[in-house]
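Trainee: Please find one structure pasted underneath; my questions will follow.
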Amino acid sequence: MRIDILTLFPEMCEVVLNESIVGRARKNQLVELYCHNIRDYAFNKHRRVDDAPYGGGKGMVMQAEPIFQCYQAVCNQSNLSQKPYVIYLSPQGNVLTQQKSIAYSQMDHIILLCGHYEGVDERVIEAIVDEEVSIGDYVLTGGELPALVLTDSIVRLCDGVLSDAECFEQESHYHGLLEYPQYTRPEVWQERTVPEILLSGHHANIEKWKLQQSLERTKQKRIDLFEEYIAKNGEK
Ligand code: ADE
């Protein structure tokens, strides 16, 4: 899996991509992650990347040409067998879900385009973008944080990144349910005890308890997900 992030703030992205599980995956060459500065492809006197919107209005719009040049440089760099899948991070996009991240994690090469200011010239979106993706119904100052969220959710699903498939097969959203509650030592903390079943060593009963807890939690916290799960799997 290769992901290229096209951004005006590559340093901001690098800091995040070099930490924790994603940083380790990168170091161990389980994934290839690159950040490119769109400004490096602004071949005008002041390396300008934005201009006022036609028709008036507030703010600035990112110009098509530096983005297109940056995109082409990435395409020329890599030995492409097929066109990379290009995602533009935008509050107007399809909202990210775990199912989408799973699908992206099975792709070979993704390019993430981060907008800033009032957005990006529509013509470059038409020319290169396959899909617009949003990370939720709120507006951020740029696409960098959404691109990093998306990258994190994809990289952790790639082969070898997490130690055991169980790590994500049991977690919230994987099977459409929220995860059961977790406990660790000590057995009693501030007079609160760990559920007895988890200390019993009876694996079958523990599994039953976990599913029951997942169902109850999902019903309580996310009735929309619960109803979807019941429609698909029937009452348990
Ligand atoms: N850019 C600004 N806000 C965004 C959001 N919510 N999702 C994706 N990209 C964005």
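Trainee: Of all residues in region 1-23 being polar (S, T, N, Q) and touching a helix residue (DSSP H, G or I) at 6+ places or on another chain (Cβ under 8 Å), which is surrounded by the most Cβ atoms within 10 Å (Cβ to Cβ)?
Mentor: Among those residues, the one meeting the criterion is Thr7.
Trainee: May I ask you to verify whether Ile125 is within 16 Å of the ligand (Cβ to nearest atom) and under 16 Å from the mean Cα position of the chain (by Cα)?
Mentor: no
Condition check ((1) assigned to a strand (DSSP E or B); (2) touching a residue at least 12 places away in the same chain (Cβ under 8 Å); (3) at positive phi) across all residues:
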site	(1), (2), (3)
Cys70	no, yes, no
Asn79	no, no, no
Gln92	yes, yes, no
Ile102	no, yes, no
His116	no, yes, no
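Trainee: From Leu140, Leu157, grab the single residue that is within 16 Å of the ligand (Cβ to nearest atom), at pLDDT 95 or above and either under 14 Å from the mean Cα position of the chain (by Cα) or part of a loop (DSSP other than H, G, I, E, B) (or both).
Mentor: Just a single option satisfies the conditions, and that option is Leu140.
Trainee: Return only the number of the condition from (1) surrounded by 16 or more Cβ atoms within 10 Å (Cβ to Cβ); (2) more than 18 Å from the chain's Cα centre (by Cα) that Ala204 does not satisfy.
Mentor: Failing condition for Ala204: (1).
Trainee: Return a yes/no flag: does region 174-186 have any residue that is assigned to a helix (DSSP H, G or I) and either of a type in the set (Lys, Arg) or free of Cβ contacts under 8 Å to residues at least 24 places away in the same chain (or both).
Mentor: no
Trainee: May I ask you to list the residues in region 104-143 that are farther than 13 Å from Met62 by Cβ, among the charged types (D, E, K, R) and touching a strand residue (DSSP E or B) at 6+ places or on another chain (Cβ under 8 Å)?
Mentor: Across region 104-143, the qualifying residues are Asp108, Asp130, Glu131, Glu132, Asp137.
Trainee: Also: Does Val74 qualify as being within 15 Å of the ligand (Cβ to nearest atom), touching a residue at least 24 places away in the same chain (Cβ under 8 Å) and hydrophobic (A, V, I, L, M, F, W, C)?
Mentor: So Val74 fails the test.
The values are calculated or read from the model by the stated rules, or taken from the named source; none is laboratory data. All of these numbers come straight from a predicted model, not from anything done at the bench. Backbone-built Cβ (ideal geometry, glycine too); neighbour counts: all protein chains shown.
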